[in-house]
Amino acid sequence: LARIVGYGQAAVEPSWLFYAPVKAIPIALERAGWTMGDVDLFEINEAFAAQVLADVKGLEREGYHLPIEKLNIHGGAIALGHPVGASGARVLVTLIHALQANGLKRGLAALCLGGAEGVALAIELE
């Protein structure tokens with residue numbers, strides 16, 4: 001179905017909880033050997049609507065441009081659900097199906113965790 005080609009994890013100060021994916025995404029990209037331009041679709045969990053917008057701005061400040069048209073193309077957690085304890089699975093499955101439905105290959109999923117941590121996973125469909 002898909003293979004993991006890179007992953008990243010990062011922690012930030014608790015007051016910056018929702019910024020943690022901004023730190024994890026570049027690590028996953030580096031481990032995959034990708035740039036932002038190599039990614040066909042992004043799926044970033046949105047605990048709150050403003051969070052994903054802040055992450056996009058944060059990535060810009062860090063030098064990473066995330067084209068908004070490649071982000072959460074079927075809606076995010078507000079539209080699709082934010083299941084406690086299963087957000088990672090929801091985000092990953094949504095990303096895989098979006099890639100398949102659009103004939104695309106490379107995706108990056110990311111989310112923040114309650115302990116002010118962020119994770120990111122770079123995948124490639126087989």
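The set of residues from region 96-114 being closer than 25 Å to Ser15 by Cβ and either surrounded by fewer than 21 Cβ atoms within 10 Å (Cβ to Cβ) or not small (Gly, Ala, Ser) (or both) comprises Leu111, Cys112, Leu113, Gly114. Against the test of being hydroxyl-bearing (Ser, Thr, Tyr) and more than 19 Å from Leu1 (Cβ to Cβ), the options Thr35, Thr94 yield a single qualifying residue, Thr35.
Here Ala110 clears all of (1) in contact with a Phe, Trp or Tyr (Cβ under 9 Å, 6 or more places away or on another chain); (2) farther than 13 Å from Val22 by Cα; (3) in contact (Cβ under 8 Å) with a residue 12 or more places away in the chain except the condition numbered (2).
Counting only helices (runs of 4 or more DSSP H) that fall entirely inside region 41-126 and contain at least 1 residues that are out of contact with any Pro (no Cβ under 9 Å at 6 or more places or on another chain) and under 18 Å from Leu29 (Cβ atoms), the qualifying elements are 49-61, 87-101. Listed by first and then second residue, the pairs linking a residue in region 1-30 that is within 16 Å of Leu95 (Cα to Cα) to a residue that is of a type in the set (Phe, Trp, Tyr), with Cβ atoms under 6 Å apart and 6 or more places separating them unless they lie on different chains, are Ala28/Tyr7.
Within region 30-67, the set of residues being closer than 19 Å to Ala101 by Cβ and among the β-branched types (Val, Ile, Thr) comprises Val39, Ile44. State all residues of region 81-92 that are at pLDDT below 80 and surrounded by 11 or more Cβ atoms within 10 Å (Cβ to Cβ); if no residue qualifies, say none. Residues satisfying the conditions are Gly81, His82, Pro83.
Give me the residue from region 38-50 that is of a type outside the set (Asp, Glu), surrounded by 20 or more Cβ atoms within 10 Å (Cβ to Cβ) and closer than 17 Å to Ser87 by Cβ and, out of that set, nearest to the chain's Cα centre (by Cα). Here the answer is Ile44.
The values are calculated or read from the model by the stated rules, or taken from the named source; none is laboratory data. Predicted model, so just to flag it, every value in this text is computed and none were measured. Backbone-built Cβ (ideal geometry, glycine too); neighbour counts: all protein chains shown.
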